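The values are calculated or read from the model by the stated rules, or taken from the named source; none is laboratory data. Keep in mind that what you see is a predicted model, and the values were worked out from it rather than measured. Note that we place each Cβ from the backbone using ideal geometry, even for glycine, and neighbour counts take in every protein chain shown.
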């Protein structure tokens, strides 16, 4: 196995190979105390550019939320729908190639598109890294991402003067994020009229049976678009151009570009995916009055929820927290954008990068309370502190993390 490194667009990009065959990539955009963290995805056509762009997004998410982590991402080339032995074999090969990064914790992987918590435990074991007692216990990142997308949808509809209960919705990517998002929006009264998977898309202007969709997806996965009977089959690209109020890209990056931006008619774009809208497309959409929320804001619930789950906070409390605090920060950001005329994306980028610099400095040069906190966190991670003692402290910690975010966005 070979591991080579080069610098690309501000990232250290590591290419893992077996002879002439590329197994995948690790991109590290930023570090905190020499460490970085991000998802490991499995896709047959994952590229170096895609992984590098995603690593930068992780820096923005950690900065936005005030979490002391460097931003990174990894991708292994493989078929996520292949039989388990074949999938795990590919992951083991990749893990062996990137072992120096994983053992040094220069890169800490977590689940992403095409992988789950069990896969990541397998990767860590193959790299000879012991999984701590409270590490990778759950796999609810997709659900928490959906909760933050829902929060963005609620606030953006309110900002645009729309009643979410009368909004039509198209969801690109009916997977770990898209499926729970479908349920959450339906509970809000929205009418989901179209979904897509890697096998195509379906559309019914009168609405889809979301309960049946989720049930079918659990049974047949991406083939849900082939088995759901009460809808028309359409091209996946056509879903993006449907006459809906709310478009939620929850699949791969770059699906909305300058090639199709002028044909999009949705009033609001609220993403569960990372980098689904290219910078050129963002400008075209804004010029046409289409509200496109920053994707790293609307989909940061996976990072926030996963961290809160690690701290033993319950699922219901986490969902409520994301909806309340992140929703309020999105509302404040939209108000600030409207007052200043500065695009919401520019506001969010500036705040995230500024906050990241602050948390990096504090983490790498901790004061006494910071050192005590790090010690307590290590003890908790190894199971040496009971969650009954730490849960109340954790809730206050996360409220304090997001409080400055609300204050910053409230400034004129």
Subject >> segment 175-194, subset out of contact with any strand residue (DSSP E or B) (no Cβ under 7 Å at 6 or more places or on another chain) and assigned to a helix (DSSP H, G or I), residue farthest from residue 328 (Cα to Cα) >> reply: 179
Subject >> Residue in segment 242-266 that is farthest from residue 185 (Cα to Cα), counting only those that are touching a residue at least 12 places away in the same chain (Cβ under 8 Å) and surrounded by fewer than 19 Cβ atoms within 10 Å (Cβ to Cβ) >> reply: 258
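Specify which of the listed residues (237, 257) is closer than 16 Å to residue 53 by Cα and touching a strand residue (DSSP E or B) at 6+ places or on another chain (Cβ under 9 Å).
Only one candidate qualifies: 257.
Return yes or no: is residue 242 touching a strand residue (DSSP E or B) at 6+ places or on another chain (Cβ under 9 Å) and in a loop (DSSP other than H, G, I, E, B)?
For residue 242, the condition - touching a strand residue (DSSP E or B) at 6+ places or on another chain (Cβ under 9 Å) and in a loop (DSSP other than H, G, I, E, B) - is met.
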Subject >> Matching entry among 63, 38 (being assigned to a helix (DSSP H, G or I), touching a helix residue (DSSP H, G or I) at 6+ places or on another chain (Cβ under 7 Å) and surrounded by 18 or more Cβ atoms within 10 Å (Cβ to Cβ)) >> reply: 63
Original post:
When you scan segment 91-125, how many residues do you find that are in contact with a strand residue (DSSP E or B) (Cβ under 6 Å, 6 or more places away or on another chain) and either more than 24 Å from residue 274 (Cα to Cα) or without any contact (Cβ under 8 Å) to a residue 40 or more places away in the chain (or both)?
Top reply: 3
Original post:
Is there a residue being within 30 Å of residue 54 (Cα to Cα) and part of a strand (DSSP E or B) anywhere in segment 214-232?
Top reply: no
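Taking segment 173-183 as the region of interest, how many residues are modelled with pLDDT of 95 or more, over 15 Å from residue 153 (Cα atoms) and touching a helix residue (DSSP H, G or I) at 6+ places or on another chain (Cβ under 8 Å)?
Initially, segment 173-183 is screened for residues modelled with pLDDT of 95 or more, giving 173-174, 177-183.
Still in the running and over 15 Å from residue 153 (Cα atoms): 173-174, 179.
Going one step further and asking which of them are touching a helix residue (DSSP H, G or I) at 6+ places or on another chain (Cβ under 8 Å), we end up with 174, 179.
Here the count works out to 2.
Okay, residues lined up against (1) over 23 Å from residue 144 (Cα atoms); (2) surrounded by 21 or more Cβ atoms within 10 Å (Cβ to Cβ); (3) in the same structural domain as residue 295 (by TED's automatic domain parsing); (4) in contact (Cβ under 8 Å) with a residue 40 or more places away in the chain:
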residue	(1), (2), (3), (4)
316	no, no, yes, no
320	no, no, yes, no
325	no, no, yes, yes
336	yes, no, yes, yes
342	yes, no, yes, no
Subject >> Which numbered condition residue 254 misses (of (1) more than 23 Å from residue 113 (Cβ to Cβ); (2) part of a loop (DSSP other than H, G, I, E, B)) >> reply: (1)
**OP:** Return a yes/no flag: does segment 15-27 have any residue that is outside any strand (DSSP E or B), under 20 Å from the mean Cα position of the chain (by Cα) and either outside the structural domain of residue 114 (by TED's automatic domain parsing) or modelled with pLDDT of 95 or more (or both).
**Re:** no
**OP:** Please indicate, with yes or no, whether at least one residue in segment 184-195 is in contact with a helix residue (DSSP H, G or I) (Cβ under 6 Å, 6 or more places away or on another chain), within 22 Å of residue 303 (Cβ to Cβ) and surrounded by fewer than 24 Cβ atoms within 10 Å (Cβ to Cβ).
**Re:** yes
Original post:
For the subset of segment 4-13 comprising residues that are closer than 30 Å to residue 361 by Cβ and surrounded by fewer than 24 Cβ atoms within 10 Å (Cβ to Cβ), which member is modelled with the lowest pLDDT?
Top reply: 9
Original post:
Taking residue 206, is it part of a loop (DSSP other than H, G, I, E, B) and modelled with pLDDT under 95?
Top reply: no
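Filter segment 41-90 down to the residues that are closer than 15 Å to residue 120 by Cβ and within 21 Å of the chain's Cα centre (by Cα) and list them by number. Spell out how you get there, then give the answer.
Step one: list which residues in segment 41-90 are closer than 15 Å to residue 120 by Cβ, which gives 41-42, 72-76, 78, 80, 84, 87-88, 90.
If the condition is that a residue be closer than 15 Å to residue 120 by Cβ and within 21 Å of the chain's Cα centre (by Cα), then 41, 42, 72, 73, 74, 75, 76, 78, 80 are the ones that fit.
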